[in-house]
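Q: Supplied in structure tokens, the structure appears directly below.
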Amino acid sequence: MATGFNDIEDAQYYSASTIKYVPDTFTSLKVMTWNIRFGAGRLPWFGDACGSRVVFTENEIYTNLSDIVNRINLLKPDILLLQEVDLNSKRSAYIDQVRWILNHTYFNYAVSAFQWKAQFIPSDGLGRLEETNMILSRWSLTDAHRIQLALRNDQDGLTRYFYERCCMLNCKVNLPHNNNFYAVNIHTSAFATDDSKYKHIVSFEKELDRINNLGGIFVAGGDLNTLPPNTDTTDFCMQDMCPGESFHTSNSGPHKEGSNYAPEQNWLNSLYTKYKPAVTTNDYIMNQYKYFSHTDRPTHFWDRTLDYLFTNKSWISNSEVTHQEAFSESDHCPVSVSISLSK
Amino acid sequence: MKKYILIILMNLSILSLNAQDSLSYKYFNGVTAFTMPKHRFELGLLDESSYGLKDDLQLSTPHLLVCYLLPNFQIKKYWGSYHGFYFASKHGIFYPSIFMRTVATKGTGGLISPEYKIPDMLAINNQILVSYLPFSKAILTLNAGFKFAINSGELDPQSTIDFPIFYPRLAVFYNQPELDAGIDFRGTIIKRFGWQFSVDNYWFSNTDFNYFMEHNLGLTYTSKKQTCRIELGYKLCYGKYIPGNQWHLLPLAGFAFKL
């Protein structure tokens, strides 16, 4: 009833029904990452927003998807990394969001990989759930693979069987005059209380090392579900607390799953050292609020940074934008940055 | 010589009668047109439970042990035979609201989202069954019927349980009426061992997700004195579900015994 995956599998390929024109020469590319929360916007879903809703209507999802594609079409990234894109899920009215987004944007090609695939989850009325990570591009994509990340060990066997199986999605972007350009999309565990999220970040770094060692250029990122180094506030248990919950009743906790980042402060240090983040540490320290990209609370502004982009080449200075104005489309805002391709 | 032939023929006819008895057309008669003897009570675990009200009238329920959650009662009336065809009709009521409210819950076991209110609902079904004995060791039954539902309030179309077994049995409360038709073919292999083959089809109106099929194939064992019956096999389901057309292969097991 739930699907398991091999360590590495081929991803699924898509192409738009009409291939649009793409430039043959260019000196930069705009890359964007966005966790679109399966088109649910800021609606009160039970799983991440203290909500009571589990299933949303077609009308609700299409309305939010329209807002999402409008934003994408406005910001016009050349390569887009999306997380939490539903394919055939009861919670999002079984809408094929993968194909819908591809057909309503200017992108020509996409690849996707299942982050969660279960025919029927007998819990909370979730039913069928198929969630993917996606990479969209104006140029064709090849060599796309789904890379399985470590499963959580802090869940009982039954829950783990039906739960999401975090993954990385990588592919080659067939740019004109450049046959060594890669994109990597990752969505790490949001609620793990064991070391599985750390293992996801280690796996992410290893994959980037692999591409880098082969001489490839990559743009990589996604929702890492952890905070940048030197973040001031690392514990959001009280902010994220739902009615009826209580935390921090003793010195050592308890903590809300996914809300205490204090033990994770050094997890991204190696990535920041080896590769170029879209937001440098110095820029972040100067004004952390400017780069907040997520909040659990539907009516509150962004309160932490969970979304990242990295490259092993160079980002164009001052090109990074955390699009905090995109407040209603998702519980994450998109983050974009441009990469220079001039030699 | 003639004496020996007569003895052989008598033995064969006795065997034939025994084979017919071991086919249990009077007992554990499920979807055939036959009814069980008066006062006989068969309790089913993973199988139908039945009670003979009269020799030609039988009360049954598919889930006696969970009746408090899924009240579902059927009356089968035997009408007689004509030219080797045996006729019966089945009429029943089904009240799923308790079950649906129970599984509309948070956490494990939540088959329906707790955000949905489940109204009181009742389904009424009527079916005709015609059985025929093509040969002494087999019963062929054709059935056809219709079902309609009475809902006391609105049932959200997204509260469906999109899973085999559940979906076609609850679909009438979302789209009605339901028409059903099927075939059941059962027989004896050797004395107490038999086989059972069935195909049931369900059609629903006013929806694109309007057809479901269930096929059972099983081996059966009936005890010497017709006091218990075991069935093992598989159930193959096909349906036009909302997320897409799907096939499912499920194990099939049934156990019923006479009290």
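Q: Residues in the range A:303-321 that are part of a loop (DSSP other than H, G, I, E, B), surrounded by fewer than 22 Cβ atoms within 10 Å (Cβ to Cβ), at pLDDT 95 or above and not charged (D, E, K, R): how many?
A: 3
Q: Among the numbered criteria (1) within 30 Å of residue B:117 (Cβ to Cβ); (2) in a loop (DSSP other than H, G, I, E, B); (3) more than 14 Å from chain A (Cβ to nearest Cβ), which single criterion is violated by residue B:203?
A: (2)
Q: Somewhere in the range B:10-26, is a residue aliphatic (A, V, I, L, M), surrounded by 13 or more Cβ atoms within 10 Å (Cβ to Cβ) and either more than 20 Å from the chain's Cα centre (by Cα) or at pLDDT 95 or above (or both)?
A: Quick first cut of the range B:10-26, residues aliphatic (A, V, I, L, M) only: B:10, B:12, B:14-15, B:17, B:19, B:23.
If we keep only those that are surrounded by 13 or more Cβ atoms within 10 Å (Cβ to Cβ) as well, we get B:19, B:23.
Subset that is either more than 20 Å from the chain's Cα centre (by Cα) or at pLDDT 95 or above (or both): B:19.
Yes: one or more hits.
Q: Is it the case that some residue within the range A:90-106 is closer than 24 Å to residue A:220 by Cα, within 14 Å of another protein chain (Cβ to nearest Cβ) and in contact with a Lys or Arg (Cβ under 6 Å, 6 or more places away or on another chain)?
A: no
Q: Within the range A:46-89, which residues are aliphatic (A, V, I, L, M) and part of a loop (DSSP other than H, G, I, E, B)?
A: If the condition is that a residue be aliphatic (A, V, I, L, M) and part of a loop (DSSP other than H, G, I, E, B), then A:49, A:54, A:55, A:87 are the ones that fit.
Q: Further question: Residue by residue through the range B:140-154, note down the ones that are surrounded by 15 or more Cβ atoms within 10 Å (Cβ to Cβ) and either in contact (Cβ under 8 Å) with a residue 60 or more places away in the chain or not hydrophobic (A, V, I, L, M, F, W, C) (or both).
A: Within the range B:140-154, B:141, B:143, B:145, B:147, B:151 qualify.
Q: One residue is enough: does the range A:216-226 have a residue meeting the conditions crowded, with 16+ Cβ neighbours inside 10 Å and more than 30 Å from residue A:179 (Cβ to Cβ)?
A: For the range A:216-226, residues crowded, with 16+ Cβ neighbours inside 10 Å and more than 30 Å from residue A:179 (Cβ to Cβ): present.
Q: Picking from B:177, B:157, B:168, which residue would you name as being without any contact (Cβ under 8 Å) to a residue 40 or more places away in the chain and either under 18 Å from residue B:62 (Cα atoms) or over 20 Å from the mean Cα position of the chain (by Cα) (or both)? Let's see the steps before the verdict.
A: Numbers: B:177 fails: either under 18 Å from residue B:62 (Cα atoms) or over 20 Å from the mean Cα position of the chain (by Cα) (or both); B:168 fails: without any contact (Cβ under 8 Å) to a residue 40 or more places away in the chain.
Step by step, each of B:177, B:157, B:168 is checked, and only B:157 is without any contact (Cβ under 8 Å) to a residue 40 or more places away in the chain and either under 18 Å from residue B:62 (Cα atoms) or over 20 Å from the mean Cα position of the chain (by Cα) (or both).
Q: If you go through the range A:65-76 one residue at a time, do you hit one that is away from chain B (no Cβ under 14 Å), in contact (Cβ under 8 Å) with a residue 24 or more places away in the chain, over 13 Å from residue A:34 (Cβ atoms) and under 17 Å from the mean Cα position of the chain (by Cα)?
A: no
Q: Give A:85, A:55 a once-over and let me know the one that is crowded, with 16+ Cβ neighbours inside 10 Å and more than 14 Å from every other protein chain (Cβ to nearest Cβ).
A: Checking each option against the conditions leaves just A:85.
Q: Based on what the data block shows, is residue A:118 more than 14 Å from chain B (Cβ to nearest Cβ), closer than 24 Å to residue A:160 by Cα, crowded, with 21+ Cβ neighbours inside 10 Å and among the small types (Gly, Ala, Ser)?
A: When the stated conditions are applied, residue A:118 does not pass them.
Q: Same structure, new question: Tell me, which residue of the range B:87-112 that is polar (S, T, N, Q) and out of contact with any Leu (no Cβ under 8 Å at 6 or more places or on another chain) is nearest to residue A:91 (Cα to Cα)?
A: B:105
Q: Restricting attention to the range A:240-247, does a residue exist that is closer than 27 Å to residue A:150 by Cβ, of a type outside the set (Phe, Trp, Tyr) and not in a loop (DSSP other than H, G, I, E, B)?
A: Yes, some residue in the range A:240-247 is closer than 27 Å to residue A:150 by Cβ, of a type outside the set (Phe, Trp, Tyr) and not in a loop (DSSP other than H, G, I, E, B).
The values are calculated or read from the model by the stated rules, or taken from the named source; none is laboratory data. Predicted, not measured: the structure shown is a model, and the values here were computed from it. Every residue, glycine as well, gets a Cβ built from its backbone with ideal geometry; the counts of neighbours run over all protein chains shown.
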